[in-house]
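I have placed the structure first, in the form of structure tokens, so that the comments after it can refer back to it.
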Amino acid sequence: MSHIKQVALVTGGNRGIGYELVKQLAVNGFKVILTSRDAEKGQKAAQILQESKLDVSFAVMDVEEKESIRQAASAINDQYGRLDVLINNAGVYLDEHEKLLAMDPGILEKTMATNFFGAYYVMHSFLPLMEKHGYGRIINISSGYGELREMAVPGVGAYKLSKLALNGLTQLAAAELKGDIKVNAACPGWVSTDMGGPSAPRTPKQAAASILWLATIGSDGPNGGFFRNGRQIDW
């Protein structure tokens, strides 16, 4: 694959970890599609990177809307005919101080719609672009909160359940897919973003760097794993 400029796509790429993932992929020679549900913010983010001579384009895509995902996949297929790397980064964190069974059920529904079903429908729509070339690297941005043992600790229930489901999706997809298509999950740690807050010890740049090795693993690399800082952790 090294003789072909690979195409990568990052959801929620207009800020935070997503923006850094886009930037670092482009710096390392990828043609990168930055997606965001907000067209104005996404275009602005892509333009900043383009001004640094990086090969970045923008596509509007709302991971909560199946038709938006389908249209983006169709447009990218028409333009590039391939997708080599997919990073499901878009996510929400809405229930820091809520109890699962006492919260407005809409919080759980919104969280699952973005963090789980969003990733599922993106994978479902873009997988054919990988399958026709028999190659792909899918990275689902997860969290340590998605570890099974975290379910025994109360709090942050909607977020935890969404990441637990995402981890299950990662394992099931890895078991099902054929050819040199690998699916892994990565926990970026506690990162100083709008979601993580200013007290977090890690920068988006550090978080992105700890994830991107999964985008370039060889055919003998891991599949169906869950990683933090390059090390596999328990589900």
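Local charge for His133 was computed over the other residues whose Cβ lies under 13 Å away, with Lys and Arg +1 and Asp and Glu -1, and equals +1. Could you work out what % of the accessible surface of the chain is carbon and sulfur, using a 1.4 angstrom probe and leaving DNA, RNA and ligands out of the count? About 51 percent, which is the carbon plus sulfur part of the accessible surface. Label zone (Arg149, point 7 Å along Cα-to-C-beta; backbone nitrogen cut-off 12 Å) within the stretch 95-135: none. With a Cα cut-off of under 26 Å and a minimum spacing of 8 residues unless on different chains, the lysine pairs in the stretch 99-235 number 13. Neighbours of Ile107, meaning other residues whose beta-carbon lies under 9 angstrom from its beta-carbon, give a summed charge of -3 when Lys and Arg score +1 and Asp and Glu score -1. The largest accessible area among Leu172, Leu21, Leu127 belongs to the first residue in Leu172, Leu127, Leu21, and the rest follow in falling order (1.4 Å probe, all chains).
Could you tell me which trypsin sites (Lys or Arg not before Pro) in the stretch 38-110 are loop residues by DSSP with no more than 15 other beta carbons within 10 angstrom of their beta carbon? Sparse-neighbourhood loop trypsin sites (Lys or Arg not before Pro): Lys53, Lys99. Mean separation of Cα pairs under 8 Å and 6 or more residues apart, divided by the residue count, gives the stretch 58-184 a relative contact order of 31 percent. Out of [x] 1.05; [y] 1.16; [z] 0.95, which label holds the value of Cα Rg over 2.2 N^0.38 Å that was computed here? Matching entry in [x] 1.05; [y] 1.16; [z] 0.95: [z]. Rolling a 1.4 Å probe across the protein heavy atoms gives the chain an accessible surface of 49 Å² per residue. Averaging the sequence gap over all C-alpha pairs within less than 8 Å and six or more residues apart, then dividing by the number of residues, gives the chain a relative contact order of 18 percent.
The values are calculated or read from the model by the stated rules, or taken from the named source; none is laboratory data. Just so it is clear, the model here is predicted, and its values are computed rather than measured. Neighbour counts are summed over all protein chains in view; Cβ atoms, including those assigned to glycine, are modelled from backbone coordinates with ideal geometry. Calculation scope for accessible area: heavy atoms of the full protein, side chains included, ligands and nucleic acids excluded. Shrake-Rupley method; radii C 1.70, N 1.55, O 1.52, S 1.80 Å.
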